[in-house]
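What follows is a single structure, written as C-alpha coordinates, with notes after it.
The values are calculated or read from the model by the stated rules, or taken from the named source; none is laboratory data. Since the structure is predicted, the reported quantities are computational estimates derived from the model, not experimental observations. Cβ sites come from the backbone with ideal geometry, for glycine too, and all protein chains shown count toward neighbours.
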Amino acid sequence: MDYISTRGKVEAIGFIDAILMGLADDGGLLVPKHIPQLSADTLQAWQKLSYSELALEIFSLYVNNEIPREDLKQLVDDSYATFRDEAVTPVRRLHDGMYVLELFHGPTFAFKDIALQFLGNLYSYVSRKTNSIIHILGATSGDTGASAIEGVRGKEGIRICILHPHQKVSKVQELQMTTVEDANVLNLAVEGTFDDCQRIIKELFADVAFKHHYHLRAINSINIARILAQTVYYFYAYFRLADQEQVGKVNFSVPTGNFGDIFAGYLAQKMGLPINKLILATNENNILERFVHEGVYQPGAFRGTHSPSMDIQVASNFERYLFYLYGEDAEAVTAIMEQFKAEGRVTIPADKLQTVQADFAAYGVQNEECLDTISTYYENYNYLLDPHTACGVAAADKLAVDGEVMVALSTAHPAKFDESIRLRDIEQTYPEQIQALFDKKQFQTVVGGSNDEIKEQLVKFF
(Lines give C-alpha, C1' and ligand atoms only; values in the text may rest on other atoms or scores of the structure.)
Protein backbone atom coordinates (compact mmCIF):
# COMPACT_ATOMS: atom_id res chain seq x y z
CA MET A 1 0.00 0.00 0.00
CA ASP A 2 1.41 3.33 -1.07
CA TYR A 3 0.20 6.78 -0.06
CA ILE A 4 -0.09 9.80 -2.34
CA SER A 5 -0.87 13.47 -1.87
CA THR A 6 -4.17 15.08 -2.80
CA ARG A 7 -2.06 17.67 -4.64
CA GLY A 8 0.02 15.14 -6.56
CA LYS A 9 3.51 16.53 -6.01
CA VAL A 10 4.85 13.97 -3.54
CA GLU A 11 6.29 10.63 -4.63
CA ALA A 12 4.27 7.62 -3.47
CA ILE A 13 5.45 6.55 -0.01
CA GLY A 14 4.82 3.66 2.37
CA PHE A 15 2.75 3.56 5.55
CA ILE A 16 5.46 4.48 8.07
CA ASP A 17 6.76 7.34 5.93
CA ALA A 18 3.15 8.53 5.53
CA ILE A 19 2.47 8.70 9.25
CA LEU A 20 5.81 10.43 9.83
CA MET A 21 5.16 12.97 7.06
CA GLY A 22 1.69 13.87 8.42
CA LEU A 23 0.84 16.81 6.18
CA ALA A 24 2.18 16.08 2.69
CA ASP A 25 5.27 18.09 1.83
CA ASP A 26 3.38 19.74 -1.07
CA GLY A 27 0.75 21.09 1.34
CA GLY A 28 -1.82 18.42 0.50
CA LEU A 29 -3.14 15.52 2.54
CA LEU A 30 -2.04 11.91 2.18
CA VAL A 31 -4.52 9.26 1.02
CA PRO A 32 -4.14 5.58 0.11
CA LYS A 33 -3.14 5.07 -3.52
CA HIS A 34 -6.04 2.64 -3.77
CA ILE A 35 -8.87 1.77 -1.40
CA PRO A 36 -9.10 -1.95 -0.55
CA GLN A 37 -12.37 -3.52 -1.68
CA LEU A 38 -14.02 -5.99 0.69
CA SER A 39 -16.17 -8.90 -0.41
CA ALA A 40 -19.43 -9.94 1.23
CA ASP A 41 -17.65 -13.08 2.48
CA THR A 42 -14.97 -10.99 4.17
CA LEU A 43 -17.56 -8.79 5.86
CA GLN A 44 -19.41 -11.87 7.08
CA ALA A 45 -16.21 -13.38 8.49
CA TRP A 46 -15.30 -10.10 10.21
CA GLN A 47 -18.67 -9.93 11.97
CA LYS A 48 -17.46 -12.47 14.54
CA LEU A 49 -14.31 -10.54 15.49
CA SER A 50 -13.68 -8.57 18.66
CA TYR A 51 -12.88 -4.88 18.32
CA SER A 52 -9.12 -5.43 18.55
CA GLU A 53 -9.24 -8.34 16.10
CA LEU A 54 -11.23 -6.23 13.65
CA ALA A 55 -8.81 -3.32 14.01
CA LEU A 56 -5.91 -5.65 13.27
CA GLU A 57 -7.52 -6.86 10.04
CA ILE A 58 -8.32 -3.34 8.82
CA PHE A 59 -4.90 -1.92 9.72
CA SER A 60 -3.22 -4.87 8.00
CA LEU A 61 -4.78 -3.79 4.70
CA TYR A 62 -3.10 -0.41 4.94
CA VAL A 63 0.20 -1.26 6.64
CA ASN A 64 1.13 -3.77 3.92
CA ASN A 65 3.55 -5.75 6.12
CA GLU A 66 5.78 -2.76 6.90
CA ILE A 67 5.09 -3.71 10.49
CA PRO A 68 5.22 -7.49 11.17
CA ARG A 69 1.75 -8.81 11.97
CA GLU A 70 2.72 -9.90 15.49
CA ASP A 71 4.11 -6.43 16.24
CA LEU A 72 0.99 -4.81 14.78
CA LYS A 73 -1.20 -7.08 16.90
CA GLN A 74 0.72 -6.04 20.01
CA LEU A 75 0.28 -2.35 19.14
CA VAL A 76 -3.46 -2.82 18.66
CA ASP A 77 -3.91 -4.90 21.82
CA ASP A 78 -1.94 -2.43 23.93
CA SER A 79 -3.92 0.51 22.52
CA TYR A 80 -7.36 -0.86 23.31
CA ALA A 81 -6.49 -2.53 26.60
CA THR A 82 -6.75 0.96 28.13
CA PHE A 83 -10.51 1.22 27.45
CA ARG A 84 -13.03 0.87 30.26
CA ASP A 85 -15.59 -1.16 28.26
CA GLU A 86 -14.73 -4.64 27.02
CA ALA A 87 -16.42 -3.88 23.69
CA VAL A 88 -14.23 -0.72 23.29
CA THR A 89 -17.04 1.03 21.34
CA PRO A 90 -20.35 -0.46 22.54
CA VAL A 91 -23.63 0.18 20.70
CA ARG A 92 -26.60 1.21 22.91
CA ARG A 93 -30.24 1.22 21.88
CA LEU A 94 -32.12 4.39 22.84
CA HIS A 95 -35.46 3.62 21.18
CA ASP A 96 -36.85 1.96 18.07
CA GLY A 97 -34.57 2.72 15.18
CA MET A 98 -32.16 4.89 17.21
CA TYR A 99 -28.82 3.73 18.59
CA VAL A 100 -25.75 5.46 19.92
CA LEU A 101 -22.22 4.26 19.25
CA GLU A 102 -20.37 5.09 22.46
CA LEU A 103 -16.86 6.22 21.57
CA PHE A 104 -15.92 7.71 24.94
CA HIS A 105 -14.64 4.73 26.94
CA GLY A 106 -10.94 5.51 26.49
CA PRO A 107 -8.57 7.13 29.00
CA THR A 108 -9.70 10.73 28.34
CA PHE A 109 -13.41 9.98 27.87
CA ALA A 110 -13.47 11.11 24.21
CA PHE A 111 -13.61 9.46 20.80
CA LYS A 112 -10.16 10.81 19.95
CA ASP A 113 -8.68 8.12 22.23
CA ILE A 114 -9.58 5.45 19.69
CA ALA A 115 -7.14 6.79 17.13
CA LEU A 116 -4.64 8.48 19.43
CA GLN A 117 -3.97 5.58 21.77
CA PHE A 118 -2.97 3.65 18.65
CA LEU A 119 -1.03 6.52 17.05
CA GLY A 120 0.84 7.22 20.28
CA ASN A 121 1.93 3.59 20.52
CA LEU A 122 2.75 3.57 16.81
CA TYR A 123 4.99 6.62 17.11
CA SER A 124 6.76 5.03 20.09
CA TYR A 125 7.27 1.82 18.09
CA VAL A 126 8.67 3.70 15.08
CA SER A 127 10.97 5.75 17.30
CA ARG A 128 12.42 2.60 18.86
CA LYS A 129 12.75 0.64 15.62
CA THR A 130 14.29 3.46 13.57
CA ASN A 131 16.12 5.29 16.35
CA SER A 132 14.35 8.45 15.18
CA ILE A 133 13.29 11.60 17.01
CA ILE A 134 9.53 12.18 17.28
CA HIS A 135 8.45 15.77 18.00
CA ILE A 136 4.66 15.91 17.87
CA LEU A 137 2.91 19.18 17.14
CA GLY A 138 -0.86 19.40 17.25
CA ALA A 139 -3.85 21.69 17.69
CA THR A 140 -7.02 20.91 19.59
CA SER A 141 -10.52 22.26 19.97
CA GLY A 142 -10.56 20.33 23.24
CA ASP A 143 -10.41 16.55 22.98
CA THR A 144 -7.53 15.83 20.59
CA GLY A 145 -5.01 17.49 22.91
CA ALA A 146 -5.86 15.43 25.98
CA SER A 147 -6.02 12.20 23.98
CA ALA A 148 -2.73 12.87 22.22
CA ILE A 149 -0.95 13.79 25.44
CA GLU A 150 -2.29 10.70 27.19
CA GLY A 151 -1.05 8.57 24.30
CA VAL A 152 2.60 9.69 24.52
CA ARG A 153 3.21 11.24 27.94
CA GLY A 154 6.43 10.01 29.52
CA LYS A 155 7.43 7.97 26.47
CA GLU A 156 11.12 7.97 25.64
CA GLY A 157 12.13 9.60 22.37
CA ILE A 158 8.91 11.60 22.03
CA ARG A 159 8.02 15.20 22.86
CA ILE A 160 4.59 16.71 22.29
CA CYS A 161 3.37 20.31 22.01
CA ILE A 162 -0.36 21.00 21.84
CA LEU A 163 -2.01 24.32 20.94
CA HIS A 164 -5.50 25.06 22.22
CA PRO A 165 -7.61 28.25 22.03
CA HIS A 166 -7.24 30.06 25.35
CA GLN A 167 -10.45 29.90 27.45
CA LYS A 168 -12.41 28.36 24.55
CA VAL A 169 -12.38 24.73 25.67
CA SER A 170 -14.35 23.23 28.55
CA LYS A 171 -12.78 23.27 32.01
CA VAL A 172 -12.41 19.49 32.09
CA GLN A 173 -10.76 19.49 28.66
CA GLU A 174 -8.33 22.17 29.82
CA LEU A 175 -7.53 20.27 33.01
CA GLN A 176 -6.96 17.00 31.19
CA MET A 177 -4.26 18.67 29.10
CA THR A 178 -2.67 21.07 31.54
CA THR A 179 -2.41 18.97 34.71
CA VAL A 180 0.10 16.60 33.07
CA GLU A 181 3.53 17.07 34.70
CA ASP A 182 5.61 14.95 32.33
CA ALA A 183 8.63 16.83 30.97
CA ASN A 184 7.92 15.76 27.39
CA VAL A 185 4.61 17.70 27.30
CA LEU A 186 4.12 21.40 26.45
CA ASN A 187 0.69 23.10 26.42
CA LEU A 188 0.33 26.43 24.61
CA ALA A 189 -2.92 28.36 25.17
CA VAL A 190 -3.30 30.51 22.05
CA GLU A 191 -5.16 33.82 22.18
CA GLY A 192 -7.61 33.15 19.36
CA THR A 193 -9.90 30.43 18.04
CA PHE A 194 -9.27 26.81 17.13
CA ASP A 195 -9.17 27.84 13.48
CA ASP A 196 -6.20 30.07 14.38
CA CYS A 197 -4.47 27.13 16.08
CA GLN A 198 -5.16 24.87 13.12
CA ARG A 199 -3.90 27.48 10.63
CA ILE A 200 -0.66 27.84 12.58
CA ILE A 201 -0.14 24.07 12.60
CA LYS A 202 -0.72 23.74 8.87
CA GLU A 203 1.57 26.66 8.06
CA LEU A 204 4.37 25.32 10.28
CA PHE A 205 4.09 21.88 8.68
CA ALA A 206 4.07 23.54 5.24
CA ASP A 207 7.43 25.14 6.15
CA VAL A 208 9.25 21.99 5.06
CA ALA A 209 12.71 23.14 6.18
CA PHE A 210 11.45 23.96 9.70
CA LYS A 211 9.41 20.73 9.81
CA HIS A 212 12.40 18.56 8.92
CA HIS A 213 14.92 20.42 11.09
CA TYR A 214 12.80 19.97 14.21
CA HIS A 215 11.48 16.50 13.29
CA LEU A 216 7.85 17.63 13.48
CA ARG A 217 5.17 14.92 13.37
CA ALA A 218 1.42 15.38 13.15
CA ILE A 219 -1.14 14.15 15.65
CA ASN A 220 -4.17 15.90 14.15
CA SER A 221 -6.45 14.21 11.65
CA ILE A 222 -4.25 15.49 8.85
CA ASN A 223 -2.34 12.30 9.77
CA ILE A 224 -3.81 9.44 7.73
CA ALA A 225 -3.35 6.98 10.62
CA ARG A 226 -6.04 8.89 12.53
CA ILE A 227 -8.56 8.35 9.73
CA LEU A 228 -7.71 4.67 9.29
CA ALA A 229 -8.19 4.02 13.02
CA GLN A 230 -11.59 5.71 12.97
CA THR A 231 -12.93 3.57 10.12
CA VAL A 232 -12.87 0.55 12.44
CA TYR A 233 -15.79 1.55 14.62
CA TYR A 234 -18.12 2.00 11.65
CA PHE A 235 -17.55 -1.64 10.76
CA TYR A 236 -17.88 -2.69 14.40
CA ALA A 237 -21.17 -0.83 14.89
CA TYR A 238 -22.65 -2.28 11.70
CA PHE A 239 -21.70 -5.79 12.79
CA ARG A 240 -23.27 -5.33 16.24
CA LEU A 241 -26.53 -4.33 14.56
CA ALA A 242 -26.21 -7.38 12.32
CA ASP A 243 -25.93 -9.50 15.48
CA GLN A 244 -29.37 -8.18 16.43
CA GLU A 245 -30.71 -8.77 12.91
CA GLN A 246 -31.15 -5.03 12.52
CA VAL A 247 -29.32 -4.82 9.22
CA GLY A 248 -31.13 -3.19 6.38
CA LYS A 249 -30.67 0.47 5.74
CA VAL A 250 -28.22 1.71 8.38
CA ASN A 251 -27.43 5.42 8.62
CA PHE A 252 -24.70 7.08 10.67
CA SER A 253 -25.18 10.56 12.09
CA VAL A 254 -21.80 12.09 12.80
CA PRO A 255 -21.15 15.26 14.83
CA THR A 256 -18.22 16.86 13.04
CA GLY A 257 -16.42 20.15 12.61
CA ASN A 258 -13.19 19.05 10.97
CA PHE A 259 -14.68 16.47 8.59
CA GLY A 260 -12.34 13.75 9.91
CA ASP A 261 -14.82 11.52 11.71
CA ILE A 262 -17.32 11.51 8.86
CA PHE A 263 -14.57 11.07 6.27
CA ALA A 264 -13.62 7.86 8.10
CA GLY A 265 -17.21 6.70 7.54
CA TYR A 266 -16.96 7.68 3.87
CA LEU A 267 -13.78 5.61 3.57
CA ALA A 268 -15.46 2.61 5.24
CA GLN A 269 -18.33 2.94 2.78
CA LYS A 270 -15.91 3.07 -0.17
CA MET A 271 -14.24 -0.10 1.15
CA GLY A 272 -17.56 -1.89 0.88
CA LEU A 273 -19.39 -1.42 4.19
CA PRO A 274 -23.07 -1.07 3.17
CA ILE A 275 -23.76 2.27 4.86
CA ASN A 276 -27.02 3.72 3.58
CA LYS A 277 -26.52 7.37 4.45
CA LEU A 278 -23.89 9.48 6.18
CA ILE A 279 -25.46 12.42 8.02
CA LEU A 280 -23.17 15.34 8.67
CA ALA A 281 -24.25 17.02 11.92
CA THR A 282 -22.85 20.47 12.66
CA ASN A 283 -23.61 23.20 15.15
CA GLU A 284 -24.10 26.89 14.30
CA ASN A 285 -20.64 26.95 12.71
CA ASN A 286 -22.27 25.26 9.74
CA ILE A 287 -19.93 25.74 6.78
CA LEU A 288 -20.13 22.01 6.02
CA GLU A 289 -23.95 21.96 6.10
CA ARG A 290 -24.01 24.83 3.62
CA PHE A 291 -21.59 22.98 1.37
CA VAL A 292 -23.83 19.91 1.25
CA HIS A 293 -26.98 21.93 0.63
CA GLU A 294 -25.66 24.64 -1.71
CA GLY A 295 -22.23 23.57 -2.96
CA VAL A 296 -20.60 26.64 -1.38
CA TYR A 297 -17.63 26.24 0.96
CA GLN A 298 -17.05 29.56 2.68
CA PRO A 299 -16.23 30.30 6.33
CA GLY A 300 -18.62 32.62 8.12
CA ALA A 301 -18.42 34.47 11.41
CA PHE A 302 -17.15 32.34 14.30
CA ARG A 303 -19.84 31.41 16.82
CA GLY A 304 -19.18 30.12 20.31
CA THR A 305 -21.65 27.32 21.07
CA HIS A 306 -22.56 24.74 23.70
CA SER A 307 -20.63 22.18 21.61
CA PRO A 308 -17.22 23.93 21.58
CA SER A 309 -15.21 21.09 20.03
CA MET A 310 -17.20 21.65 16.83
CA ASP A 311 -16.71 25.42 16.78
CA ILE A 312 -14.68 25.16 13.59
CA GLN A 313 -15.01 27.08 10.33
CA VAL A 314 -12.24 25.52 8.21
CA ALA A 315 -12.41 21.71 8.10
CA SER A 316 -8.92 20.25 7.73
CA ASN A 317 -10.08 16.96 6.16
CA PHE A 318 -12.32 18.55 3.56
CA GLU A 319 -9.53 18.35 0.97
CA ARG A 320 -9.46 14.56 1.18
CA TYR A 321 -13.12 14.42 0.18
CA LEU A 322 -12.54 16.88 -2.67
CA PHE A 323 -9.89 14.50 -4.01
CA TYR A 324 -12.48 11.74 -4.45
CA LEU A 325 -15.25 14.13 -5.49
CA TYR A 326 -13.06 15.23 -8.39
CA GLY A 327 -12.14 11.71 -9.46
CA GLU A 328 -8.71 11.69 -7.78
CA ASP A 329 -7.60 14.62 -9.96
CA ALA A 330 -4.77 16.21 -7.98
CA GLU A 331 -4.47 19.17 -10.35
CA ALA A 332 -8.14 20.04 -9.87
CA VAL A 333 -7.78 19.80 -6.09
CA THR A 334 -4.68 22.01 -6.14
CA ALA A 335 -6.52 24.66 -8.17
CA ILE A 336 -9.52 24.56 -5.81
CA MET A 337 -7.37 24.91 -2.69
CA GLU A 338 -5.38 27.76 -4.24
CA GLN A 339 -8.65 29.49 -5.08
CA PHE A 340 -9.86 28.98 -1.51
CA LYS A 341 -6.64 30.44 -0.12
CA ALA A 342 -6.90 33.47 -2.41
CA GLU A 343 -10.64 34.13 -2.24
CA GLY A 344 -11.83 32.38 0.94
CA ARG A 345 -14.60 30.65 -0.99
CA VAL A 346 -15.16 27.63 -3.24
CA THR A 347 -18.30 26.92 -5.28
CA ILE A 348 -18.70 23.56 -7.00
CA PRO A 349 -20.75 22.97 -10.19
CA ALA A 350 -24.23 21.41 -10.18
CA ASP A 351 -23.08 17.92 -11.22
CA LYS A 352 -20.58 17.78 -8.34
CA LEU A 353 -23.22 19.04 -5.89
CA GLN A 354 -25.46 16.18 -6.99
CA THR A 355 -22.67 13.74 -6.07
CA VAL A 356 -22.14 15.44 -2.69
CA GLN A 357 -25.85 15.13 -1.90
CA ALA A 358 -25.75 11.45 -2.83
CA ASP A 359 -22.81 10.96 -0.45
CA PHE A 360 -24.10 13.00 2.50
CA ALA A 361 -27.11 14.51 4.17
CA ALA A 362 -26.49 17.44 6.52
CA TYR A 363 -28.17 19.33 9.33
CA GLY A 364 -26.94 22.25 11.43
CA VAL A 365 -28.17 22.16 15.03
CA GLN A 366 -28.93 25.46 16.75
CA ASN A 367 -27.77 26.12 20.31
CA GLU A 368 -31.14 25.78 22.03
CA GLU A 369 -32.01 22.75 19.90
CA CYS A 370 -28.85 21.08 21.18
CA LEU A 371 -29.89 21.69 24.81
CA ASP A 372 -33.48 20.63 24.07
CA THR A 373 -32.18 17.31 22.75
CA ILE A 374 -30.15 16.76 25.93
CA SER A 375 -33.27 17.41 28.02
CA THR A 376 -35.54 15.22 25.90
CA TYR A 377 -33.31 12.17 25.94
CA TYR A 378 -32.55 12.52 29.64
CA GLU A 379 -36.20 12.84 30.57
CA ASN A 380 -37.65 10.28 28.15
CA TYR A 381 -34.89 7.67 27.93
CA ASN A 382 -32.76 8.30 31.03
CA TYR A 383 -29.72 8.76 28.80
CA LEU A 384 -27.43 11.76 29.22
CA LEU A 385 -25.92 13.11 26.00
CA ASP A 386 -22.96 15.44 25.84
CA PRO A 387 -23.69 18.49 23.64
CA HIS A 388 -21.73 17.18 20.65
CA THR A 389 -23.51 13.84 20.69
CA ALA A 390 -26.75 15.79 21.10
CA CYS A 391 -26.04 17.48 17.76
CA GLY A 392 -25.66 14.06 16.16
CA VAL A 393 -28.87 12.78 17.75
CA ALA A 394 -30.82 15.93 16.82
CA ALA A 395 -29.70 15.60 13.19
CA ALA A 396 -30.62 11.90 13.21
CA ASP A 397 -34.09 12.70 14.56
CA LYS A 398 -34.56 15.47 12.02
CA LEU A 399 -33.61 13.28 9.05
CA ALA A 400 -35.06 9.96 10.25
CA VAL A 401 -36.91 7.79 7.76
CA ASP A 402 -39.34 5.06 8.84
CA GLY A 403 -37.81 1.62 8.54
CA GLU A 404 -34.21 2.85 8.57
CA VAL A 405 -31.85 2.45 11.51
CA MET A 406 -29.99 5.49 12.82
CA VAL A 407 -26.67 5.23 14.64
CA ALA A 408 -25.53 8.50 16.21
CA LEU A 409 -21.87 8.68 17.13
CA SER A 410 -21.53 9.56 20.81
CA THR A 411 -18.24 11.38 20.83
CA ALA A 412 -17.60 12.36 24.47
CA HIS A 413 -18.69 11.60 28.02
CA PRO A 414 -21.11 14.26 29.30
CA ALA A 415 -18.84 14.94 32.28
CA LYS A 416 -16.45 16.73 29.92
CA PHE A 417 -19.08 19.39 29.20
CA ASP A 418 -20.83 19.99 32.49
CA GLU A 419 -21.11 23.71 31.70
CA SER A 420 -23.65 22.87 29.00
CA ILE A 421 -25.39 20.11 30.93
CA ARG A 422 -26.01 22.40 33.93
CA LEU A 423 -27.89 24.86 31.72
CA ARG A 424 -30.75 22.35 31.80
CA ASP A 425 -30.57 21.86 35.59
CA ILE A 426 -29.21 18.35 35.19
CA GLU A 427 -26.77 17.22 37.86
CA GLN A 428 -24.26 14.52 37.07
CA THR A 429 -21.59 12.74 39.06
CA TYR A 430 -18.10 13.03 37.64
CA PRO A 431 -16.17 9.82 37.05
CA GLU A 432 -13.42 9.49 39.65
CA GLN A 433 -10.66 10.15 37.09
CA ILE A 434 -12.23 13.48 36.09
CA GLN A 435 -13.07 14.60 39.62
CA ALA A 436 -9.43 14.16 40.62
CA LEU A 437 -8.30 16.72 38.02
CA PHE A 438 -9.71 19.67 39.96
CA ASP A 439 -7.13 19.24 42.73
CA LYS A 440 -4.11 19.19 40.43
CA LYS A 441 -1.70 21.97 39.49
CA GLN A 442 -1.91 23.28 35.92
CA PHE A 443 0.98 23.76 33.48
CA GLN A 444 0.37 25.95 30.41
CA THR A 445 1.82 28.97 28.63
CA VAL A 446 -0.46 31.65 27.17
CA VAL A 447 0.82 32.94 23.82
CA GLY A 448 -0.32 35.19 21.00
CA GLY A 449 -1.57 33.81 17.72
CA SER A 450 1.44 34.47 15.48
CA ASN A 451 3.58 31.80 13.86
CA ASP A 452 6.75 33.44 15.18
CA GLU A 453 5.59 33.27 18.80
CA ILE A 454 4.78 29.57 18.42
CA LYS A 455 8.10 28.91 16.68
CA GLU A 456 9.94 30.59 19.54
CA GLN A 457 8.27 28.27 22.06
CA LEU A 458 8.95 25.20 19.90
CA VAL A 459 12.64 26.00 19.45
CA LYS A 460 13.04 26.24 23.25
CA PHE A 461 11.05 23.05 23.88
CA PHE A 462 12.36 20.77 21.14
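So, restricting to helices (runs of 4 or more DSSP H) that lie completely within the stretch 312-419, which ones have at least 2 residues that are modelled with pLDDT of 95 or more, within 30 Å of residue 8 (Cβ to Cβ) and not aromatic (Phe, Trp, Tyr)? First the steps, then the outcome.
Values: elements: 318-325, 330-343, 350-359, 367-381, 387-398.
Fully inside the stretch 312-419 and qualifying: 318-325, 330-343, 350-359.
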So residue 271 fits all but one of (1) under 17 Å from the mean Cα position of the chain (by Cα); (2) surrounded by fewer than 20 Cβ atoms within 10 Å (Cβ to Cβ); (3) among the hydrophobic types (A, V, I, L, M, F, W, C); what number is the exception?
(1)
Take the stretch 293-308 and flag every residue that is buried (at least 22 other Cβ atoms within 10 Å of the Cβ) and outside any loop (DSSP other than H, G, I, E, B).
308
Tally time: how many residues in the stretch 43-57 are under 23 Å from residue 81 (Cβ atoms), in a helix (DSSP H, G or I) and out of contact with any Asp or Glu (no Cβ under 7 Å at 6 or more places or on another chain)?
6
Counting only residues that are in a loop (DSSP other than H, G, I, E, B) and of a type in the set (D, E, K, R), which one in the stretch 75-113 is nearest to residue 142 (Cα to Cα)?
84
Across the stretch 261-278, what is the total count of residues that are more than 15 Å from residue 392 (Cβ to Cβ) and not in a strand (DSSP E or B)?
10
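Out of 198, 173, which single residue is more than 30 Å from residue 130 (Cβ to Cβ) and either in contact (Cβ under 8 Å) with a residue 60 or more places away in the chain or outside any strand (DSSP E or B) (or both)?
Numbers: 198 fails: more than 30 Å from residue 130 (Cβ to Cβ).
From the options 198, 173, the qualifying one is 173.
Across the stretch 284-307, what is the number of residues that are of a type outside the set (A, V, I, L, M, F, W, C) and in contact with a strand residue (DSSP E or B) (Cβ under 9 Å, 6 or more places away or on another chain)? Step through it out loud before you land on a result.
If we filter the stretch 284-307 for residues that are of a type outside the set (A, V, I, L, M, F, W, C), which is where we start, we get 284-286, 289-290, 293-295, 297-300, 303-307.
In the following step, the residues that additionally are in contact with a strand residue (DSSP E or B) (Cβ under 9 Å, 6 or more places away or on another chain) were identified as 284-286, 289-290, 293-295, 297-298, 307.
Qualifying residue count, the stretch 284-307: 11.
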Unmet criterion (only one of (1) in a helix (DSSP H, G or I); (2) modelled with pLDDT of 95 or more) for residue 212:
(2)
Just checking, which of 72, 54, 61, 30 is modelled with pLDDT of 95 or more and surrounded by fewer than 19 Cβ atoms within 10 Å (Cβ to Cβ)?
61
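Just checking, how many residues over the stretch 115-149 are charged (D, E, K, R) and surrounded by fewer than 22 Cβ atoms within 10 Å (Cβ to Cβ)?
Start the filter on the stretch 115-149 by keeping residues that are charged (D, E, K, R), which leaves 128-129, 143.
Now narrow it down to the ones that are surrounded by fewer than 22 Cβ atoms within 10 Å (Cβ to Cβ): 128-129.
Qualifying residue count, the stretch 115-149: 2.
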Contacts under 8 angstrom Cβ, first residue in the stretch 240-269 being over 13 Å from residue 360 (Cα atoms), partner among the acidic types (Asp, Glu) and at pLDDT below 95, 6 or more apart:
248/404; 249/404; 250/404; 257/311
Looking at the stretch 374-411, which of the residues that are acidic (Asp, Glu) and out of contact with any Phe, Trp or Tyr (no Cβ under 8 Å at 6 or more places or on another chain) is surrounded by the fewest Cβ atoms within 10 Å (Cβ to Cβ)?
402
Going through the stretch 315-354 one residue at a time, which ones are surrounded by fewer than 16 Cβ atoms within 10 Å (Cβ to Cβ), polar (S, T, N, Q) and more than 26 Å from residue 193 (Cβ to Cβ)?
354
Scanning the stretch 275-288 for residues that are more than 19 Å from residue 98 (Cβ to Cβ) and either touching a residue at least 60 places away in the same chain (Cβ under 8 Å) or not polar (S, T, N, Q) (or both) gives 282, 283, 284, 286, 287, 288
Return the total of residues in the stretch 126-154 being in contact with a Pro (Cβ under 9 Å, 6 or more places away or on another chain) and in a loop (DSSP other than H, G, I, E, B).
3
